[in-house]
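Comments concern the structure below.
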Amino acid sequence: MGATPATPVPCAICGACPTKYVEFYQNIGMLFARRTVSVKQHLCRNCIGRYFRSYTLTTLILGWWGTISFFITPLILLNNCFRFLRAAGLPRPSMVVTSQAIDAPLPPIDSTSSRFKYVYGAVVVIVALGVLAYHSVDFMERHAPALNAMLHGGEVTDSQDAEYRGEKWSNDALAVLAETKSQDWPAYRSEILSRAPYFTDLADQNEKVQVALSQERAKNLDVGDACEKLALSEFGPAMDDFTKVETEKFALIQSTTTSTDKSRSSLKTLSDREDNDLKRIQAYTDDRDKQGCK
């Protein structure tokens, strides 16, 4: 007698044949906890594709958020891809068989609701984009300056805040130092007064940075850190002195409706101080580059 042919194992989800045994996993990381589900069944090609896409995509987006999850997620992704590729040659079930078995009860394999995935996924994506935006100061300033200002609009608490404040201060400084086109005093005065927002913002950015630098000096953060020492001992004081000069210059021009020998002499003194402060800032830039500081 010949051997009795093996009875085909129907798909555990829809009852169709042929099938292949697969093991797919899904992981959702929740910082200090994990939510995992798996399917370990004989499945037809259609159900294999459905579970592979659902479990793998969910894990790819939501699986990383936690210490253990961060390391286990790549293993799950590799396993799912490997199992899927091994089943790639499985023929599709016939439409007749599939339609006959479509009313078969589905086992409760995935206990994670779709609503939870969507809501949690949306939160994760928003948080991830927020972190990315917070750390991309230059990019955000070019493409979303209003959002950049909102993210870094408070006190300087980290390097990203300091980078934003420093960049804004530098842009303001370039704006107030831009060459004037006017020759006579009334036109020159009007041109300088039109730059009032830059002078105001220059002072605001400087105030925030000086508070942060003062806090860093109190913590002795420059000990053993050459870059920090340069920022605290060279750039901070030069930045503060330059801002004070510009504030005085704007106030003098604002209060002087008619040019006099006294006002011209005062402006000359302020210009000399301004040049000196700019040389100090340039010296800091040279020293920073030599030290390889950011």
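The values are calculated or read from the model by the stated rules, or taken from the named source; none is laboratory data. Model, not experiment: these values are computed from the prediction. Positions of Cβ are backbone-derived with ideal geometry, glycine not excepted, and every protein chain shown enters the neighbour counts.
Of the residues Ile13, Ile48, Ile68, the single one that is at pLDDT below 90 and within 39 Å of the chain's Cα centre (by Cα) is Ile68. Scanning region 167-204 for residues that are surrounded by 18 or more Cβ atoms within 10 Å (Cβ to Cβ) and under 23 Å from Leu129 (Cα atoms) returns a single hit, Lys168.
Number of residues in region 205-238 that are assigned to a helix (DSSP H, G or I), surrounded by 15 or more Cβ atoms within 10 Å (Cβ to Cβ) and of a type outside the set (Gly, Ala, Ser) equals 14. Residue-level check: of (1) part of a helix (DSSP H, G or I); (2) of a type outside the set (Asp, Glu); (3) under 30 Å from the mean Cα position of the chain (by Cα), Ser271 misses just (3). Considering every residue within region 185-198, establish whether at least one is in a loop (DSSP other than H, G, I, E, B) and either without any contact (Cβ under 8 Å) to a residue 60 or more places away in the chain or among the aromatic types (Phe, Trp, Tyr) (or both). Yes; the residues of region 185-198 include at least one that is in a loop (DSSP other than H, G, I, E, B) and either without any contact (Cβ under 8 Å) to a residue 60 or more places away in the chain or among the aromatic types (Phe, Trp, Tyr) (or both). Residues in region 212-224 that are touching a helix residue (DSSP H, G or I) at 6+ places or on another chain (Cβ under 9 Å) and without any contact (Cβ under 8 Å) to a residue 12 or more places away in the chain: Ser214, Leu221, Asp222, Val223.
Annotation: of all residues in region 245-268 being small (Gly, Ala, Ser) and assigned to a helix (DSSP H, G or I), the one that is surrounded by the fewest Cβ atoms within 10 Å (Cβ to Cβ) is Ser255. Scanning region 26-72 for residues that are among the hydroxyl-bearing types (Ser, Thr, Tyr) and surrounded by fewer than 22 Cβ atoms within 10 Å (Cβ to Cβ), we see that the one that is farthest from Ala88 (Cα to Cα) is Thr67.
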